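Okay, so here's the structure we're looking at.
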C-alpha cells in the first residue's frame, strides 16, 4: 500500500508539472486575451506603472523617475526600486520600494506555481496582513493573474527604513531567540482555534485540508536521495537509515496535529525570514503561511536558526517563554511536557525542510543549506526524535 501511494503521488506530481510547465510556456498567448494585473519581468516596473500603484495610498503622488537599486532572485525575482517625485507630490511618500514577481527561471517558476507560493503571499497581504499583531512589511500592491499565476507585490523598502537582516548561516543569540518566540506567541494567540479557518481564511492550507499534499510528498521523496548525498558527512548513519521512516511519518503526524489546537503560522520561520528594527523583530516571506500547530514555527526556528550548542543551552527556557506568551494573551496553553513532546516531533519537519533545500541547490546558497542540514540532524539525535516516533507507532 505505501508503494502504491508513492506511485500515485509521483504520477500526480508529474502530471501537475507537465500542466504547469505548458501553462507557463503558453503565457504569451494568454496575454493576448486581455491585460494582466501582474508584471512579467522587473523591466516592466516603469514610472507610469509605479505611479498608478502608489496613488492608491498617496493620491497626490507624481513620479518623475524610477531606478533599480539592486536585484536578487530565489523563489521570486526581487528588486529595490528608487523613486524621485515631482515637486507637487504628496507628503510622506516612499523614496524607494521593494518589488517581488514570479521568477523567470522555468524550474523555479513551476515549483512556485505548484506550491502556490506567490498566490499564498498575495492572499496574505490582501486579507490578513493588517490584522497580525507582529511586524510585517507594509504592502502597497498585491495582485495576481489567476489565469497564469503571475503575481506582483510592492512592499515597503525595509533597507531604506533602517532594518537589519541575518540568515541561517550566522548565529542567533538566545536574546534574539527570546524576542522571536515571544512574537510568535503573540501571532499564534491572535488566531488560536479561530473559526475563520473554515470561512474567510479557508484559502489557508491546514493539516486536514491540503490541496498540494500529494505534490509535497512526491517532491520530498524525490529529494531524499540528492539531499542525503549533498552533505554526507553531516548525516549520522542512524538518521540516514531512518530517513524513509521519517518521511513516512508525515501523514501520521499531520493527522495528529489536525486534532490539536491550530492557529495562523508563518510556516517558514527561520532567521533569514526575519528583520530587525530597533528592539522589534518582523517577519518576511509569507509564501507558506498556513493554519497549523504553533509549535511548528517555534521548533523550526530554534532548530534551523540557532547554533546547536546555544539551542541546547536555552531551548527549554525559550519553549517555556513561548508558552507564557500564549498564556499572557489569554490562550489555554499546553503544558510544558506536552509542548516538549511536540517539539521533539516537529524536528521531523525541520529535517525534511533542510534535506529538500539541500537537494534543490538553487533554493539557498551552500553555507545556509549546510548549516540547516547540520543543525537539523543534530536535533534529531539530541531530541531523540526517532524514539518519540517509535512511541507513537507502538
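The values are calculated or read from the model by the stated rules, or taken from the named source; none is laboratory data. Keep in mind it's a predicted model, so treat the numbers as computed, not measured. Neighbour counts run over all protein chains shown; Cβ positions are idealised from the backbone, glycine included.
The condition of being at pLDDT 95 or above and touching a helix residue (DSSP H, G or I) at 6+ places or on another chain (Cβ under 6 Å) holds for only one of 341, 345, that being 345. Listed by position, the helices (runs of 4 or more DSSP H) inside the range 97-192 whose residues that are under 26 Å from residue 68 (Cα atoms), without any contact (Cβ under 8 Å) to a residue 60 or more places away in the chain and in the same structural domain as residue 75 (by TED's automatic domain parsing) number at least 2 are 117-127. Scanning the range 203-220 for residues that are assigned to a loop (DSSP other than H, G, I, E, B) and either under 16 Å from residue 293 (Cα atoms) or touching a helix residue (DSSP H, G or I) at 6+ places or on another chain (Cβ under 6 Å) (or both) yields a count of 6. Kindly indicate the residue of the range 327-351 that is more than 22 Å from the chain's Cα centre (by Cα) and part of a helix (DSSP H, G or I) and also surrounded by the most Cβ atoms within 10 Å (Cβ to Cβ) among those meeting that condition. The extreme case among them is 339.
Could you go through the range 104-117 and let me know if any residue there is under 28 Å from residue 306 (Cα atoms) and either crowded, with 21+ Cβ neighbours inside 10 Å or modelled with pLDDT of 95 or more (or both). Within the range 104-117, one or more residues are under 28 Å from residue 306 (Cα atoms) and either crowded, with 21+ Cβ neighbours inside 10 Å or modelled with pLDDT of 95 or more (or both).
Determine if the range 125-141 includes at least one residue that is more than 26 Å from residue 189 (Cα to Cα) and modelled with pLDDT of 95 or more.
Residues of the range 125-141 more than 26 Å from residue 189 (Cα to Cα): 140-141.
From what's left, modelled with pLDDT of 95 or more: 140-141.
Checked the range 125-141: at least one residue is more than 26 Å from residue 189 (Cα to Cα) and modelled with pLDDT of 95 or more.
Being within 16 Å of the chain's Cα centre (by Cα), in a helix (DSSP H, G or I) and more than 14 Å from residue 300 (Cα to Cα) is the filter here; which residues of the range 359-394 pass it? 368, 369, listed by residue number. Taken as a whole, the structure places residue 79 among residues that are touching a helix residue (DSSP H, G or I) at 6+ places or on another chain (Cβ under 7 Å), without any contact (Cβ under 8 Å) to a residue 60 or more places away in the chain, surrounded by 16 or more Cβ atoms within 10 Å (Cβ to Cβ) and within 26 Å of residue 360 (Cβ to Cβ).
Does the range 289-306 include one or more residues that are at pLDDT below 95, farther than 29 Å from residue 151 by Cβ and in a loop (DSSP other than H, G, I, E, B)? Within the range 289-306, none of the residues are at pLDDT below 95, farther than 29 Å from residue 151 by Cβ and in a loop (DSSP other than H, G, I, E, B).
Taking the stated definitions as given, is residue 304 surrounded by 14 or more Cβ atoms within 10 Å (Cβ to Cβ) and within 30 Å of residue 72 (Cα to Cα)? It is true that residue 304 is surrounded by 14 or more Cβ atoms within 10 Å (Cβ to Cβ) and within 30 Å of residue 72 (Cα to Cα).
Table: residues versus (1) surrounded by 17 or more Cβ atoms within 10 Å (Cβ to Cβ); (2) modelled with pLDDT under 75; (3) at negative phi.
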position: 3; (1), (2), (3): no, yes, yes
position: 9; (1), (2), (3): yes, yes, yes
position: 14; (1), (2), (3): no, no, yes
position: 22; (1), (2), (3): no, no, yes
position: 29; (1), (2), (3): no, yes, yes
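Note on the range 63-75: residues that are out of contact with any helix residue (DSSP H, G or I) (no Cβ under 7 Å at 6 or more places or on another chain) and in a loop (DSSP other than H, G, I, E, B) amount to 1.
Taking residue 251 and the conditions (1) under 26 Å from residue 5 (Cβ atoms); (2) not in a helix (DSSP H, G or I), which numbered condition does it fall short on, given that it satisfies the others? For residue 251, the exception is condition (2). Being free of Cβ contacts under 8 Å to residues at least 60 places away in the same chain, in contact with a strand residue (DSSP E or B) (Cβ under 6 Å, 6 or more places away or on another chain) and within 28 Å of residue 106 (Cα to Cα), is that true of even one residue in the range 57-66? There is at least one residue in the range 57-66 that is free of Cβ contacts under 8 Å to residues at least 60 places away in the same chain, in contact with a strand residue (DSSP E or B) (Cβ under 6 Å, 6 or more places away or on another chain) and within 28 Å of residue 106 (Cα to Cα).
Of the residues 224, 264, which single one is at pLDDT 95 or above, outside the structural domain of residue 128 (by TED's automatic domain parsing) and crowded, with 16+ Cβ neighbours inside 10 Å?
Values: 224 fails: at pLDDT 95 or above.
Going through 224, 264 in turn, the sole match is 264.
Give 85, 125 a once-over and let me know the one that is surrounded by 16 or more Cβ atoms within 10 Å (Cβ to Cβ) and closer than 30 Å to residue 214 by Cα. Spell out the reasoning first.
Details: 85 fails: closer than 30 Å to residue 214 by Cα.
Unique residue meeting the criteria: 125.
Is it fair to say residue 72 is in the same structural domain as residue 139 (by TED's automatic domain parsing) and without any contact (Cβ under 8 Å) to a residue 12 or more places away in the chain?
Details: in the same structural domain as residue 139 (by TED's automatic domain parsing): yes; without any contact (Cβ under 8 Å) to a residue 12 or more places away in the chain: yes.
Yes, satisfied.
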